[in-house]
Amino acid sequence: MLRRIQKIEGIGSYHSARAGDTQFSDVNIIYGENRNGKSTLCDIFYSLRLITLN
């Protein structure tokens, strides 16, 4: 299971984002205003899932 993303860079609205001490658990809530990168983050999760399935 994915526990942490250290850095997202150059994807969508994430020019250079660091997670700090944030860790994922079994259930996570992602919220924010429009255009803050929620859908992009979900796309990143989907891409990571495809990589782990191969």
* Asked: Looking at (1) in a loop (DSSP other than H, G, I, E, B); (2) surrounded by fewer than 10 Cβ atoms within 10 Å (Cβ to Cβ); (3) modelled with pLDDT under 90; (4) among the aliphatic types (A, V, I, L, M), which is the one condition that is false for I51?
  -> (1)
* Identify all residues within segment 1-40 that are touching a strand residue (DSSP E or B) at 6+ places or on another chain (Cβ under 9 Å), without any contact (Cβ under 8 Å) to a residue 24 or more places away in the chain and hydrophobic (A, V, I, L, M, F, W, C); write none if there are none. => A17, A19
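With the structure loaded, tell me whether L50 is of a type in the set (A, V, I, L, M, F, W, C) and over 13 Å from the mean Cα position of the chain (by Cα) or whether it fails that test.
Details: of a type in the set (A, V, I, L, M, F, W, C): yes; over 13 Å from the mean Cα position of the chain (by Cα): yes.
Considered against the rule, which asks whether it is of a type in the set (A, V, I, L, M, F, W, C) and over 13 Å from the mean Cα position of the chain (by Cα), L50 comes out as yes.
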* **Among (1) in contact with a Lys or Arg (Cβ under 9 Å, 6 or more places away or on another chain); (2) surrounded by 10 or more Cβ atoms within 10 Å (Cβ to Cβ) - the single one G32 does not satisfy** => (2)
* Asked: Within segment 1-36, restricting attention to residues that are assigned to a loop (DSSP other than H, G, I, E, B) and of a type in the set (F, W, Y), which residue is modelled with the lowest pLDDT?
  -> F24
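The values are calculated or read from the model by the stated rules, or taken from the named source; none is laboratory data. This structure is a prediction, so every number in the text was calculated from the model and none was measured. Quick reminder, even Gly has a Cβ in these numbers, built from the backbone with ideal geometry, and neighbours come from all protein chains shown.
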